[in-house]
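Just so you know, all these numbers are worked out from the coordinates, no wet-lab data involved. Since we're looking at a predicted model, the values are computed, not measured. Here the Cβ is made from the backbone with ideal geometry for all residues, glycine too, and neighbour counts use every protein chain on show.
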Amino acid sequence: MGLYPTSGLAGRGPSVTAGGVVMRIHRVRSEFVVAACDAELLGRELPVGDRGRTVRVSGDFYGEREVSVEELLWALERATVANLLGSRVLRIASEHGHLAAEATTDLGGVPHAEIFAMVG
């Protein structure tokens, strides 16, 4: 088995596609960082600020492999940090209790959220 499961998890039934969500897990020291975005955002340049700057939505950060809803939720349940970009991925996180709708912002006009687990 790889870093995260690829099919149905116990108690969740069969694997259901997240409908175009890509994800990558980064291990940084003791952090479990989940980066996920709507697949169609990959490669886009999003404007930030008022000085003409942009940020590129990169597969190096967000991943390039589409994942199932179960894989995304498995990762979010373990995340110490999550960076989520796009209406689809934010809807899934919100529907499953990982994110409050009022806790979102936008990045270049695209819905965005960051989640930090407070452990101690």
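Net charge of the neighbourhood of A39, taken over other residues with C-beta under 10 Å away and scored Lys/Arg +1, Asp/Glu -1, is -2.
Assuming a ≥ b ≥ c are the square roots of the Cα gyration tensor eigenvalues, decide whether the range 41-120 counts as rounded (a/c under 1.5), prolate (otherwise, with a/b larger than b/c) or oblate. Prolate.
With a cut-off of 14 Å between beta carbons, the residues surrounding D106 carry a summed charge of -2, where Lys and Arg count +1 and Asp and Glu -1.
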